[in-house]
Amino acid sequence: MKSPLLTLPGAVPAEGVDEGVAAHYGDLFREQRALADGTGFVDLSHRGVVTVSGPERLGWLHLLLTQHVSELPAHQATEALILSANGHIEHALYLVDDGETVWAHVEPGTQDALIAYLESMKFFYRVEVADRTADIAVVHLPAGSITEAPEGVVVRETPYGRDLFLPRQDLESFAEQAGPPAGILAHEALRVEQHRPRLGFETDHRTIPHELGWIGTAVHLQKGCYRGQETVARVQNLGKPPRRLVFLHLDGSEVHLPAPGTEIRLADEGPDGRRIGFVTTSVRHHELGPVALALVKRNVPVDARLIAGETAAAQETVVEP
C-alpha cells in the first residue's frame, strides 16, 4: 500500500519490506536528530493493522499469545508474540486495548497469515477479528513529542513514543501539522540504538524469544499455556538459547555497511575463520556512526573482537550468554 506522503518534498521511497513509505526525506541525520529530540513523526502506514473485538477478546487472546493480556487495562500498551509448536517466533504484535477493541499493528504483509491463524482458533468464543489495514494508518510520534493525537484516535503509548491508529483518509492532513517528517531509516536507526528486535530482521525460521531479549517485554513467564510454551519454559529453567543478540560498533572507515546476512567471524581467525553469526540490521546513526544488530553463537566471548564480512566490529552485550 503506497503512502500519499511519498509526494512530500524530498521523499525517497523505501525498498524491500518497508516499500510503500519513505526511506528518508533528503537528510537522514537531520531526521534522526529530530526524532531523538522529540519532534516530527514517522509514517508507518505500510504496517498491517488487525483488530479483535467482542466481550471475550482479552481472555481468548490470552490463550494464544505469549503475553499476559487477560486483564490488560484499557489504553496500556504491550507487546506479544505468537510461537510455533516448537517455540519459534511466527508473529510479533504491538497491542493496545481501547476498552472495546484490541488494536495491533504488525509487520507489513504479515496480517493475512496472522488473521488466518486467529480465525482458525475462534471456535465458540465471542470475538471478531478484522483486517483494518486498508482504512487505518499507523503513525509514530517520538518520545517527548508534544503533538496532540486527533480526537477519537486510538493511541499506543510506550517509552519510545506513541503509535497512532489514524484513519488513512486523515494521513495527509495530520502530516501538515505534525512537524517535519522522518523516514523509516531514521526510525530504524533509533530502533537499533535501543537494541529492539524486529520480526523478519532479527528473526529467522528458528528464532526463539530468549535469543532476542523478548522475555519480559513480549513473553510473560507466569501465565497459562499457549502454543510453544514448553520450549520457553525449558530454556528458561533448564538451559540457554543457542544464540544471542549483540549490538555492534562497526569500523567507521568502511564506505559500505555490511548487509543483513553478512557472516560474522572472530577477528583473530580472519575472514576465512569459522562462521559464528550474522548481521541482522545495519544502520548509520547520527551520533554513534555505523552500528548494527547481530545474532551470534551463545558461547562467543563477550569481549571477543569480531569481523562482519571484512568490517571490524566491537560488540556490546544485549542478551547475556
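The values are calculated or read from the model by the stated rules, or taken from the named source; none is laboratory data. From a predicted model like this one, the values you see are computed outputs, not experimental measurements. Don't worry about glycine lacking a Cβ; one is built from the backbone with ideal geometry, like all the others, and counts go over all protein chains shown. Surface accessibility is based on the protein's heavy atoms, side chains included, excluding ligands, DNA and RNA. Shrake-Rupley method; radii C 1.70, N 1.55, O 1.52, S 1.80 Å.
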The alpha-carbon center of region 264-292 and that of region 106-139 are separated, in whole Å, by 36 Å
With all protein chains in place and a 1.4 Å probe, Val12 shows an accessible area in Å² (nearest 10) of 60 Å²
Probe 1.4 Å, all chains present, heavy atoms only: Phe278 accessible area in Å², nearest 10, is 30 Å²
So the pair-distance distribution of region 1-116, from every Cα-Cα distance in 5 Å bins, comes to percents of 2, 10, 17, 17, 16, 14, 12, 8, 3, 0
Where a ≥ b ≥ c are root eigenvalues of the Cα gyration tensor, a/c under 1.5 meaning rounded, otherwise prolate if a/b exceeds b/c and oblate otherwise, region 123-281 counts as oblate
Of all chymotrypsin sites (Phe, Trp or Tyr not before Pro) in region 63-155, the ones in DSSP coil with at most 13 other Cβ atoms within 10 Å are Phe123, Phe124
So, relative contact order of region 125-186 in percent, Cα under 8 Å, 6 or more apart, is 32 percent
Of the residues Tyr117, Leu164, Ala134, the Cα lying farthest along the dipole of the chain towards its positive end, which is defined by charges on the beta carbon of Lys, Arg, Asp and Glu, belongs to Tyr117
The alpha-carbon center of region 1-68 and that of region 297-321 are separated, in whole Å, by 30 Å
Using alpha-carbon positions, the gyration tensor of region 88-192 gives root eigenvalues a ≥ b ≥ c; with a/c under 1.5 called rounded, otherwise prolate if a/b exceeds b/c, else oblate, the class is prolate
Long-range amide H partners of His220, meaning residues 5 or more apart or on another chain whose placed amide H is closer than 5 Å, are Gln67, His68
Simple spin-label estimate for Gln169/Ser70, 7 Å along Cα→Cβ, in nm, reads 4.1 nm
Taking protein heavy atoms only, a 1.4 Å probe, and rounding to whole percent, the accessible area of region 235-321 owed to carbon and sulfur comes out at 48 percent
Rounded to the angstrom and largest first, Cα extents along the principal axes for region 186-260 equal 49, 24, 19
Of region 13-53, those with amide N under 16 Å from the point 7 Å along the Cα→Cβ vector of Glu128 are 50-53
As straight-line cross-link partners of Lys240, the qualifying lysines (C-alpha separation under 29 Å, not fewer than 8 residues apart within one chain) are Lys223, Lys297
Scalar couplings 3J(HN,Hα) for region 77-83 by Karplus 6.51 cos²θ - 1.76 cosθ + 1.60 (θ = phi - 60°), nearest whole Hz, x for Gly and Pro, are 6, 7, 10, 8, 10, 10, 10
Any residue on another chain or 5+ positions along whose placed amide H is under 5 Å from the amide H of Gly161 is listed here as Ala143
Of region 288-305, those with amide N under 18 Å from the point 7 Å along the Cα→Cβ vector of His256 are 290-292
Relative to the compact-globule estimate 2.2 N^0.38 Å (N residues), the Cα gyration radius of region 271-310 stands at a ratio of 1.27
Per the 1/(1 + (r/R0)^6) rule, R0 = 22 Å and r from the Cβ atoms of Asp135 and Glu100, FRET efficiency to 0.05 is 0.80
To the nearest 0.05, the calculated FRET efficiency linking Glu151 and Lys2 through their beta-carbon distance, R0 being 25 Å, is 0.35
The FRET efficiency for Gln236 and Glu316, from their Cβ-Cβ distance with R0 = 25 Å and rounded to 0.05, is 0.60
Residues whose built amide H sits under 5 Å from the amide H of Ile136, excluding neighbours closer than 5 in sequence, are Arg168
With Pro142 itself left out, Lys, Arg at +1 and Asp, Glu at -1 over residues whose Cβ is under 10 Å from its Cβ give 0
